[in-house]
Amino acid sequence: MDASEISSATPSGVYGLSGRYARALFELAVDAKAIDAVAASLATLKAAMAESADLAAMVSSPLLGRKAAGAAIAAVAGQLALDPLTTRFLGVLAANRRLVSLPAITRDFQALVAARKGELTAQVTAAHKLSAAQSKALAAKLKAGLGRDVALDITVDPSILGGLIVRVGSRMIDNSLKTRLGALGQALKG
């Protein structure tokens, strides 16, 4: 796959700084035949950032210098047993002071992988972590409604209280308890 094939398959939501870094990583992964390994490493890193407030703070800290950020992210990559390409990429992000963009880069990389597989990417916000069975059922429902395979990018946000918010392209389904309570409050005000 050459650069023209990648850009023609680029989803519309992949743009800006995070999109450029994600495309660069994607092209490197294609060349190295390591797309699945990089995707798995990024998923592992995303899960680790969700579980560790210290890791999330380290990634988003503007106070951490290039050397310290590089050493810290290299240690994290080693601890999480990330693949070599992802580890080098994280070093580049640290050297360029772009670790703060890691969540967006991960999202954009997932969108590129999904586009390559002919899938749509659904951004899902849930009040709590979904089980494997719930994720599978949601993906099946979305596939039935959209007529295409759907890759889920799930984010947990307890502030929505319950339910889900699902975004696929320009479509959004907000079935969160927070939104329903807000609508009920507006209806009661008259």
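Output the residues belonging to segment 32-90 that are of a type in the set (Lys, Arg), closer than 25 Å to Val113 by Cα and either touching a residue at least 24 places away in the same chain (Cβ under 8 Å) or crowded, with 16+ Cβ neighbours inside 10 Å (or both). Quick ask: steps written out before the conclusion?
Pass one, segment 32-90, residues of a type in the set (Lys, Arg): 33, 46, 66-67, 88.
From what is left, the residues that are closer than 25 Å to Val113 by Cα are 33, 46, 88.
If the condition is that a residue be of a type in the set (Lys, Arg), closer than 25 Å to Val113 by Cα and either touching a residue at least 24 places away in the same chain (Cβ under 8 Å) or crowded, with 16+ Cβ neighbours inside 10 Å (or both), then Lys46 is the only one that fits.
Okay, residues lined up against (1) touching a helix residue (DSSP H, G or I) at 6+ places or on another chain (Cβ under 6 Å); (2) over 27 Å from Asn175 (Cα atoms):
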residue: Asp54; (1), (2): no, yes
residue: Ala57; (1), (2): no, yes
residue: Ser60; (1), (2): yes, yes
residue: Thr86; (1), (2): yes, yes
residue: Asn96; (1), (2): no, yes
residue: Leu99; (1), (2): yes, yes
residue: Arg107; (1), (2): no, no
residue: Ser131; (1), (2): no, no
residue: Gly145; (1), (2): no, no
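Going through segment 116-143 one residue at a time, which ones are surrounded by fewer than 21 Cβ atoms within 10 Å (Cβ to Cβ) and among the small types (Gly, Ala, Ser)?
The answer is Gly118, Ala127, Ser131, Ala132, Ala133, Ser135, Ala137, Ala139, Ala140.
To keep it simple, each residue is scored yes or no on (1) touching a Phe, Trp or Tyr at 6+ places or on another chain (Cβ under 8 Å); (2) more than 19 Å from Ala56 (Cβ to Cβ); (3) hydrophobic (A, V, I, L, M, F, W, C).
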| residue | (1), (2), (3) |
| --- | --- |
| Ala111 | no, yes, yes |
| Thr121 | no, yes, no |
| Val124 | no, yes, yes |
| Lys129 | no, no, no |
| Ala140 | no, yes, yes |
| Gly169 | no, yes, no |
| Met172 | no, yes, yes |
| Gly190 | no, yes, no |
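Only one of (1) assigned to a helix (DSSP H, G or I); (2) closer than 19 Å to Leu17 by Cβ is not met by Pro62, so which one is it?
(1)
Only one of these conditions is not met by Leu146: (1) over 19 Å from the mean Cα position of the chain (by Cα); (2) under 21 Å from Arg107 (Cα atoms); (3) in contact (Cβ under 8 Å) with a residue 24 or more places away in the chain; (4) open to solvent by 70 Å² or more (accessible area, probe 1.4 Å). Which number is it?
(4)
Could you give every pair whose Cβ atoms fall below 9 Å, whose first residue belongs to segment 105-119 and is at positive phi, and whose second residue is outside any helix (DSSP H, G or I), counting only separations of at least 6 or pairs across chains?
That search, which allows pairs on different chains as well, returns Gly118/Arg148; Gly118/Asp149.
Being of a type outside the set (A, V, I, L, M, F, W, C) and under 16 Å from the mean Cα position of the chain (by Cα) narrows it down to one residue among Thr155, Thr179; which is it? Show your work before the answer.
Details: Thr179 fails: under 16 Å from the mean Cα position of the chain (by Cα).
The conditions single out Thr155.
The values are calculated or read from the model by the stated rules, or taken from the named source; none is laboratory data. What you see is a predicted model, and the numbers here were worked out from it, not measured in a lab. Here the Cβ is made from the backbone with ideal geometry for all residues, glycine too, and neighbour counts use every protein chain on show. Side chains included, ligands, DNA and RNA excluded: accessible areas come from the protein's heavy atoms. Shrake-Rupley method; radii C 1.70, N 1.55, O 1.52, S 1.80 Å.
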